[in-house]
Amino acid sequence: MNTLKVTFLMLILILLFSYLGFYFGGQNGMIIAFLIAAGMNFFSYWYSDKIVLKMYKAHQITEADHPRYYSIVQNISNVAIVPMPKVYIVPSKAPNAFATGRNAEHAAVAVTEGLLGILDDGELEGVICHEFAHIVNKDMLIGTIAATFAGAIGIIATIARFSAIFYGGGRDNNRGGLFGLLIAAIIAPIVALIIQTAISRKREYKADETGGRFTSKYKELASALGKLNRAPIQMNLDKKPATAHLMIMNPLSGKGFASFFSTHPPVEKRIERLHKLANQTYYQ
């Protein structure tokens, strides 16, 4: 069901881009906006592992450096039938984890020192399973495609705003007037951002579910999420909001209206769903 919802949201994003691109920029404008956004996002996709790991000063480890953590990653790699990813530790007391890399052959799993300090073996296994699920489900590719179309819509919106400022709306008067300009310049990019973050939230639910199937550590993952959510120190993503969607725990999540722009579902809902999945597995 999550896959169907993501496909539907992606289709809306593509249709919104196609409509705006052709309506306000013509076919050439639509192609140019898409190529610019695609170039930016696929560069990030191709080099994501190097960029993100360097950003967080992560250092690669071997089994001798941290036997407990490394062996858990190795075991799950065998269970998930995925090539062994590179294993990293982030020098931060804030408990968090993420996976990156353009595909399973170029993947990396990273956890913080803070996470290793507060989770027991079962909880750590649940978290690592979640990160492997992102690799197996090709979430980096899906996120990049969504970001490309959302970025292209943003470029068209910027062009529409500059057109209104310097040309007084000009040709837009023949293409929807003031209302059409309002849609292109303000409403469309907001809708695109909401859809993009909604896709990210669906992928988090899917990773919880897929990861749990590897070793049936649904309750352990739920326990880990609870600990991470209650931790007195949270990873500071204020200067790195572009990486928020990678983290297993997103401190930027808001409540109320702000939740529309959150890349992660509410922790309480994730924990509730994990307990339901654990019960379903038990009675099967």
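If I filter the stretch 119-130 for residues that are of a type in the set (Gly, Ala, Ser), surrounded by fewer than 24 Cβ atoms within 10 Å (Cβ to Cβ), in a helix (DSSP H, G or I) and at pLDDT below 75, do I get at least one hit?
no
Could you list, in sequence order, the residues of the stretch 71-104 that are surrounded by 17 or more Cβ atoms within 10 Å (Cβ to Cβ), farther than 29 Å from PRO232 by Cβ and either out of contact with any helix residue (DSSP H, G or I) (no Cβ under 6 Å at 6 or more places or on another chain) or of a type in the set (S, T, N, Q) (or both)?
The answer is SER77, PRO85, LYS86.
Of all residues in the stretch 51-70 being in a helix (DSSP H, G or I) and at pLDDT 95 or above, which is farthest from the chain's Cα centre (by Cα)?
Top of the filtered list is PRO67.
Checking ILE156 against (1) crowded, with 18+ Cβ neighbours inside 10 Å; (2) at pLDDT 75 or above; (3) among the β-branched types (Val, Ile, Thr), only one condition comes out false. Which one?
(2)
Let me spell it out: the conditions are (1) surrounded by fewer than 17 Cβ atoms within 10 Å (Cβ to Cβ); (2) at pLDDT 90 or above, and MET40 meets all of them except one. Which number is the exception?
Tallying (1) surrounded by fewer than 17 Cβ atoms within 10 Å (Cβ to Cβ); (2) at pLDDT 90 or above, MET40 fails exactly one: (2).
Count, please, the residues in the stretch 228-264 that happen to be at pLDDT 80 or above, surrounded by 15 or more Cβ atoms within 10 Å (Cβ to Cβ) and not small (Gly, Ala, Ser).
So the answer is 8.
Here is a yes/no grid of residues against (1) surrounded by 22 or more Cβ atoms within 10 Å (Cβ to Cβ); (2) at pLDDT 80 or above; (3) under 22 Å from the mean Cα position of the chain (by Cα):
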{"residue": "LYS138", "(1), (2), (3)": "no, yes, yes"}
{"residue": "SER163", "(1), (2), (3)": "no, no, no"}
{"residue": "ASN174", "(1), (2), (3)": "no, no, no"}
{"residue": "GLY177", "(1), (2), (3)": "no, no, no"}
{"residue": "ILE187", "(1), (2), (3)": "no, no, no"}
{"residue": "VAL191", "(1), (2), (3)": "no, no, yes"}
{"residue": "GLY212", "(1), (2), (3)": "yes, yes, yes"}
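Does the stretch 47-70 contain any residue that is within 22 Å of SER223 (Cβ to Cβ), surrounded by 13 or more Cβ atoms within 10 Å (Cβ to Cβ) and touching a Leu at 6+ places or on another chain (Cβ under 9 Å)?
For the stretch 47-70, residues within 22 Å of SER223 (Cβ to Cβ), surrounded by 13 or more Cβ atoms within 10 Å (Cβ to Cβ) and touching a Leu at 6+ places or on another chain (Cβ under 9 Å): present.
The values are calculated or read from the model by the stated rules, or taken from the named source; none is laboratory data. These numbers come from a predicted model, not from an experiment. So basically every Cβ, Gly included, is an ideal-geometry build from the backbone, and we count neighbours across all protein chains shown.
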